[in-house]
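See below for the structure under consideration.
The values are calculated or read from the model by the stated rules, or taken from the named source; none is laboratory data. No experiment lies behind these values; they were computed from the predicted model shown. Methodologically, a virtual Cβ is constructed for each residue, glycine included, from the backbone with ideal geometry; neighbour enumeration extends over all protein chains shown.
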Amino acid sequence: MKRSYLVLMVSALVLVTTILWLLNTEKPMHISDFVQFGIILVLVGFGVFVGISRLKSGTRREPVEDELSIKILRKASSTAYYISIYMWLGFMYISDKIEWESHRLIGAGILGMAVLFFVSWIFYKTIGMKDV
C-alpha cells in the first residue's frame with residue numbers, strides 16, 4: 001500500500017518539476033520541447049494508472065502485485081533494457097552528426113528508455129507472454 005502512494009508521489013513530483021521547467025523557460029520553445037513535454041505527460045499518466053490500480057487492489061484486500069504482473073514487469077524491463085542498449089549506440093553514432101547539446105541528448109535518451117519500457121509493458125500486457 002505504501003508503494004502505491006510512492007508511485008503517485010513520484011508522478012506528481014515529475015509533473016510539478018516539468019511545469020516549473022516550462023514556466024522558467026525564457027527562450028522561445030522549440031518543437032522538441034513540446035515533444036518532450038508530451039512524452040513526459042504520457043509517462044506520468046502511466047505512473048498514475050499503475051498507482052491507482054495498486055490502490056484499488058489494496059482497498060479490495062487483493063494482492064497488490066500478483067505473480068503475473070511481476071512477471072510482466074520483469075519481462076518488459078529486460079526487453080526495454082536490451083533495446084535501449086542499441087538505442088544508446090544509435091545516439092552515440094548520430095551525436096557527431098547533429099547539433100544538440102550533450103544534456104539534450106542525454107535527456108532524450110532517458111525519455112527514450114522510459115518510452116521503451118512503457119511500450120514493452122503495453123505489449124506484454126496486451127499480447128501476453130508465451131511459456132518459454
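In table form, for the structure just shown:
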read-out: Test result for LEU41, within 20 Å of PHE123 (Cα to Cα), surrounded by 12 or more Cβ atoms within 10 Å (Cβ to Cβ) and of a type outside the set (Asp, Glu); value: yes
read-out: Only one of ILE19, ILE31 that is modelled with pLDDT under 85, surrounded by fewer than 16 Cβ atoms within 10 Å (Cβ to Cβ) and either touching a Lys or Arg at 6+ places or on another chain (Cβ under 6 Å) or not assigned by TED's automatic domain parsing to the domain that holds MET113 (or both); value: ILE31
read-out: Set PHE91, PHE118: member being within 14 Å of the chain's Cα centre (by Cα) and surrounded by 14 or more Cβ atoms within 10 Å (Cβ to Cβ); value: PHE118
read-out: Top-ranked residue in segment 48-105 [being among the hydroxyl-bearing types (Ser, Thr, Tyr) and either more than 23 Å from ILE127 (Cβ to Cβ) or assigned to a loop (DSSP other than H, G, I, E, B) (or both); ranked as modelled with the highest pLDDT]; value: TYR93
read-out: Filter pass, VAL64 being surrounded by 11 or more Cβ atoms within 10 Å (Cβ to Cβ), within 21 Å of ARG3 (Cα to Cα) and among the hydrophobic types (A, V, I, L, M, F, W, C); value: yes
